[in-house]
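Trainee: Provided herewith is a single structure, encoded as structure tokens, for subsequent inquiry.
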Amino acid sequence: MEKAIKKYWPVFVLPTLIAFLIGFIWPFIWGVGLSFCKFTTVKNVEFVGLSNYINLWKDATFLHAFGFTVVFTIVSTVLINCLAFLLAVLLTRHLKGTNIFRTVFFMPNLIGGVVLGYIWQILFNGVLSALSKPLLSLNATYGFWGIVILMCWQQIGYMMIIYIAGLQAVPGDMLEAAEIDGASGSQTLFRVIIPNVMPSITTCTFLTLTNSFKLFDQNLALTGGLPSIIQNGAKFNQTELLALNIYSTYNINKNWHGVAQAKAVIFFILVAVLAIAQQAATRRKEVQQ
């Protein structure tokens, strides 16, 4: 078997490697190059150096979208992980119908982001209309919490499954020892369970951080970045996340295609740094079983 693997591994590896190079590595390299250029199409390119990156930081819409994305990411990450962990704890206590509940909570993750956004837009606007409140596209606060609720509803079930796997891996003898020593429920949770579930916390925090920071389709379908306001002579959308801001920059002004590409590069760097920092911070707290 090992001889066969050593002999035929290129047959299995090369197609995937070639597809990865063509579909990801080459477009990424070409995209970084375009961020230093002014272009309308990839065949009409003019090198402009760091001009796009300088204009990027002068764009008030980008700075607002960055701040909005940071706040949204913090709120959604905390809520998703806390609620998912709570559900995982409840569903590992041998309650009746736990398998049904796990399936129900996981199902929203299977729905596409655009479809989900439009469904929740109808639901939110229907409730707000019944309460004589402004619609999502007319009130930034409602729009923000609408995106947070949508994100939580979609992601909690998926994270819950990961937390359940982590909770089931907690050594039973450690729980028994804590009970014999007279540890309270909160002491058992914070001194025994959570340290042993840190690998799951690392994974879930990584996924929620990156998913929240990269959110696009739900934002586009639910609020479209609206409402818009004019401040200091600049017009920007109050509920526009970074990914949607990049999309809008590229489509609204053809002369800013290069700026949009520069935003995409900065966006990639921000997500990568954030993910690496989070992984390093949480992995240090993991315990060896």
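The values are calculated or read from the model by the stated rules, or taken from the named source; none is laboratory data. Source: prediction; values computed, not measured. Please note: Cβ atoms are built from the backbone with ideal geometry, for glycine as well, and neighbour counts cover all protein chains shown. Protein only, heavy atoms only, side chains kept; ligands, DNA and RNA dropped before computing areas. Shrake-Rupley method; radii C 1.70, N 1.55, O 1.52, S 1.80 Å.
Trainee: Taking mean projected area of the Cα convex hull in nm² as the quantity of interest, determine which of [x] 22.3; [y] 16.3; [z] 13.6 was computed from the displayed structure.
Mentor: Evaluating mean projected area of the Cα convex hull in nm² on these atoms matches [x].
Trainee: Please state the relative contact order of the range 197-247 as a whole percent: Cα pairs under 8 Å, 6+ residues apart?
Mentor: In percent, rounded to a whole number, it is 32.
Trainee: Give me the percent relative contact order of the chain, please, defined on Cα pairs under 8 angstrom at least 6 residues apart.
Mentor: Working: 334 pairs, mean separation 81.6, N = 289.
Computed over the chain, the figure is 28 percent.
Trainee: A follow-up question, please. Rank THR40, THR69 by accessible area, highest first, at a 1.4 Å probe radius?
Mentor: These residues rank, largest area first, as THR40, THR69.
Trainee: What number do you get for the range 206-289 when its Cα radius of gyration is normalised by 2.2 N^0.38 Å, N = residues? Before the final figure, lay out the partial values.
Mentor: Values: Rg = 16.4 Å, N = 84, 2.2 N^0.38 = 11.8 Å.
Output field value: 1.38.
Trainee: Right, something else. Spelling out what I want: for every residue of the range 238-244, take phi, set θ = phi - 60°, compute 6.51 cos²θ - 1.76 cosθ + 1.60 (Karplus), and round to whole Hz; glycine and proline get x.
Mentor: 6, 10, 8, 7, 4, 4, 5
Trainee: GNM, the chain, Cα, under 10 Å: largest mean-square fluctuation among HIS257, HIS64, HIS94?
Mentor: HIS94
Trainee: Give the longest segment of the chain that steers clear of trypsin sites (Lys or Arg not before Pro) in DSSP loops with at most 10 neighbouring Cβ atoms within 10 Å, not counting the sites themselves.
Mentor: Within the chain, the longest run free of exposed trypsin sites (Lys or Arg not before Pro) spans 97-283.
Trainee: Taking amide H positions as placed in the peptide plane 1.01 Å from N, state which residues far from CYS37 in sequence (5 or more) or on other chains have amide H under 5 Å from it.
Mentor: It is VAL48, by chain and number.
Trainee: Find the centroid of the Cα atoms in the range 16-92 and in the range 221-262, then give the distance between the two in whole Å.
Mentor: Each part's Cα centre sits 14 Å from the other's.
Trainee: Along the charge dipole of the chain, which of ILE80, PHE190, ASN44 sits closest to the positive end, that is, farthest toward it, with unit charges on the beta carbon of Lys, Arg, Asp and Glu (+1, +1, -1, -1)?
Mentor: Among ILE80, PHE190, ASN44, the one farthest towards the positive end of the dipole of the chain is ASN44.
Trainee: Okay, next question. Once phi is turned into θ = phi - 60°, what whole-Hz ³J(HN,Hα) does the Karplus curve with 6.51, -1.76 and 1.60 give for every residue of the range 128-138, x standing for Gly and Pro?
Mentor: Calculated HN-Hα couplings, in order: 5, 5, 5, 8, 6, 10, x, 6, 4, 6, 10 Hz.
Trainee: Explain nothing, just compute: Karplus ³J(HN,Hα) = 6.51 cos²θ - 1.76 cosθ + 1.60, θ = phi - 60°, for every residue of the range 185-197 in order, whole Hz, x for Gly and Pro.
Mentor: Listing the rounded values in order: x, 5, 5, 4, 5, 7, 9, 10, 5, 4, x, 7, 9 Hz.
Trainee: How much of the accessible area of the range 1-119, in percent, comes from carbon and sulfur atoms when a 1.4 Å probe is used?
Mentor: 76
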